[in-house]
Amino acid sequence: MTDLVEHGQLFIGGELTDPLGKDVIEVVSPHTEELLGRVPGASRGDVDRAVAAARRAFDEGPWPRATPDERIAVVTRIKDGIAARHEELARLISAENGSPYSWSVLAQALGAMMVWDAAVAVARDHPREERRNGVLGKILVRREPVGVVAAVVPWNVPQFTAAAKLAPALLAGCTVVLKPSPEAPLDAYVLGEIAREAGLPDGVLSILPADREVSEYLVGHPGVDRVSFTGSVAAGKRVMEVAARNLTRVTLELGGKSAAVVLPDADLAAAVAGIVPAAWMNNGQACVAQTRILLPRSRYDEFADAFAAAAGALVVGDPLDPATQVGPLVTERQRRRSLDYIRTGQEEGAKLLVGGGRPASRDRGWYVEPTLFGEVGNGMRIAREEIFGPVVCLLPYGDESEAVRIANDSDYGLSGSVWTADVEHGIGIARQVRTGSYSVNAFSLDMLGPFGGRKNSGLGREFGPEGHDEFLEYQTVHLPSGYEEA
């Protein structure tokens, strides 16, 4: 992309509107370090307008009162709009955050479309009312939309995470204020256009790029009924603290330090082919990345050599080049962070097998080589802290019980995988590892299964019926004695 992308208005209540403030967010290309776009930075006054529009639309508008089929029809048109513009979205996101284009097409754009589609499938069958026999008589249990939702999404997978919040919230009948990251706000304007063209009623959706201070104001706004946040652990704790002042409900999808456990009977080629893309996905900027690879001592050298060869062969380059497998990090700040961790790993005594610096072919851009450390102890910082860059650790273990112990010895519990010739045995390993999701002989994320974390990886769930329920409230209606349904 060469043309400057500029937007002078904010998407509030379904309409492009002049901002109240004068702040401007500049989006810089992580590949060229040149200005890529400009959008307004929302102010507190803009948040007030957006929340007020959402409140009116929820309290008085047609959306919460529409039938499930009516909402499904609109949301399906949003999904179709994303499908029609998926290449545009993929290129825009790659330009914003450095995600390799081939990965952006599959995960950033088509992956988002799959989230919308799966949410529709859940909504079609999700019960809104059910009658039960209570202890004292018959009861009616109702599910109704929670209200106004503040959806705060990160820069690494902006459309995917937006879909994870917007799709179930809208299908539940909620109204939403979406807050994209200042590092990647441009694709959100495309989403706003798609939503408007799909026929979403006035007030139901607002999109406000904003800095941290204004974001805090949004999640602490008394007009907000639920906050759904994806981001770092530190930011998630702050969101929870601010939202707690109003007892606002929160869903937090936070960080990870997931372990891929390679058992002694694993097929070497299959394990390497499956784990490498899961470890360095999106340039290592993925909460579910398999960044701790646990290898049996009995085959450690064999596996380590194979992983090092595969990491060294990853193609680094322009994120818009379809051949690129690893692009630049989103900001210079993130680049420095990864390089600092690489230095820390060397100081801690880990063995640098591959990478460790700027690629020789890249004299500009926020690039870090795909980096692999061997002989890593699980007490080292590079094994315990989420780096969010292309830095991966190989950790040796003795027996299977030690592998499980190492996998669980983490402040995080988001994802993980096991690689073995015996699938049933792999399922047994999955039952012992304390994470929100787990894969056997693969890395997968299924939009019909609940996704979320344990420990510092978050609260609540996205996807599936469980994710839909995050945007619903329960009401119990006690029916009179002798009442029989007509």
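The table below gives the values:
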| item | result |
| --- | --- |
| Cα-based helix-to-principal-axis angle, 110-125 vs the chain, degrees rounded to 10 | 40 degrees |
| Other-chain or far-sequence residues with amide H under 5 Å of Tyr397's (modelled H) | Leu295, Arg297 |
| Angstrom value of the Kirkwood radius, inverse mean 1/r, which spans all Cα pairs in the stretch 259-440 | 16.3 Å |
| Compactness of the stretch 95-232, expressed as Rg and Dmax over alpha-carbon positions, Å | 17.1, 61 |
| Taking the stretch 259-440 and dividing mean pair separation by its residue count, relative contact order in percent (alpha carbons under 8 Å, at least six apart) | 28 percent |
| Modelled FRET efficiency - R0 56 Å, Glu88 with Asp409, Cβ distances, 0.05 increments | 0.80 |
| Violating pairs (Cα-Cα greater than 28 angstrom) within the set Lys165/Lys237; Lys179/Lys237; Lys257/Lys351; Lys22/Lys79 | Lys22/Lys79 |
| J(HN,Hα) series, the stretch 374-389, from Karplus relation 6.51 cos²θ - 1.76 cosθ + 1.60, nearest Hz, glycine and proline x | x, 6, 8, x, 5, x, 6, 4, 5, 8, 9, 9, 6, 7, 6, x |
| Tilt relative to the chain, helix 68-84 - C-alpha long axis, 0 to 90 degrees, to 10 | 40 degrees |
| Cα convex hull volume per residue for the stretch 1-128 (Å³) | 128 Å³ |
| Debye intensity ratio I(q)/I(0), log10, the chain, q values 0.09, 0.10, 0.13 Å⁻¹ (C-alpha model) | -0.62, -0.76, -1.20 |
| Estimated [θ] at 222 nm from DSSP helical runs (n ≥ 4, -39500 (n - 2.57)) normalised by residues in the chain, nearest 500 | -11500 deg cm²/dmol |
| Mean Cβ count within 10 Å, highest first, over the residues of peptides 178-186, 440-448 | 178-186, 440-448 |
| Under 5 Å, built H, 5+ apart or other chain: amide partners of Ala151 | Val177, Leu178, Lys179, Ser228 |
| Using θ = phi - 60° and Karplus 6.51 cos²θ - 1.76 cosθ + 1.60, couplings along the stretch 21-27 (whole Hz; Gly, Pro as x) | x, 10, 5, 10, 9, 9, 9 |
| Antiparallel DSSP beta bridges within the chain, percent to nearest 5 | 45 percent |
| Rounded to whole Hz, the Karplus (6.51, -1.76, 1.60) HN-Hα couplings of the stretch 328-342, x for glycine and proline | x, 6, 5, 9, 4, 4, 5, 4, 4, 4, 5, 5, 5, 5, 5 |
| Nonlocal amide H pairs with Ile25, under 5 Å, H built at 1.01 Å | Val39, Gly41 |
| Ratio Rg/Rh [Cα only; Rh per Kirkwood] for the stretch 375-486 | 1.18 |
| With Cα atoms, 0 to 90° folded angle of helix 300-312 axis to the chain main axis | 70 degrees |
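Every number here is computed from the coordinates shown, using simple stated rules; none is lab data. Predicted, not measured: the structure shown is a model, and the values here were computed from it. Here Cβ is always computed from backbone atoms with ideal geometry, including for glycine, and neighbour counts include all displayed protein chains.
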